[in-house]
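Computed from the coordinates by the stated procedures, all read-outs in this text should not be read as laboratory data. Computed from a predicted model, the values in this text were never measured in an experiment. Backbone-built Cβ (ideal geometry, glycine too); neighbour counts: all protein chains shown.
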């Protein structure tokens, strides 16, 4: 039985819980944003715009765990900066939902590497999320 409900997959029917996918015993911290862009109107009220977005923040990843996640942004043998994936993530109200969206690989991931081939504080961003 899974401890947490974060999932990822290339297809909606092929999603895998992160625990079994990469052996992650701790769930990523996640930040879900219903409206990634905000505007302040002339009357002072805030208006949200855009499709939902979220980010998964991993406290610590081994090289093997990072490689498993990075495979989702691969095209053949070439890594790309983003790819469409399905994810199940925690919403701001504490429930979980499944989305199709764009997974963006962090440009600074090499800066997160520490001795022992571990990565600390890696943040993976998902944008243009459409609930399934």
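Things to note:
- Gaussian network model of the chain, springs between alpha carbon atoms under 10 Å - residue of 55, 88, 112 with greatest fluctuation: 112
- Rg(Cα)/(2.2 N^0.38 Å) for segment 7-131, N = residue count: 1.13
- Each label point was placed 7 Å from the Cα along the Cα-to-Cβ direction; for residue 117 and residue 47 their separation is 5.2 nm.
- Label sites at residue 25 and residue 37, each approximated as a point 7 angstrom past Cα along Cα to Cβ, lie 4.3 nm apart.
- Label separation (residue 77 vs residue 57): 3.8 nm, computed from points 7 Å beyond Cα along the C-beta direction.
- For the chain, built as a Gaussian network whose Cα springs stay under 10 Å, the top-fluctuating residue of 93, 108, 59: 93
- Over the chain, dividing the summed -39,500 (n - 2.57) contributions of all DSSP H runs of at least 4 residues by the number of residues returns a 222 nm mean residue ellipticity of -2500 deg cm²/dmol.
- If you run the Gaussian network model on the chain, springs between alpha carbon atoms under 10 Å, then out of 101, 14, 50 the most flexible one is 14.
- Size descriptors for segment 52-123 (Cα atoms only): Rg and Dmax, in that order, 13.2, 39 Å.
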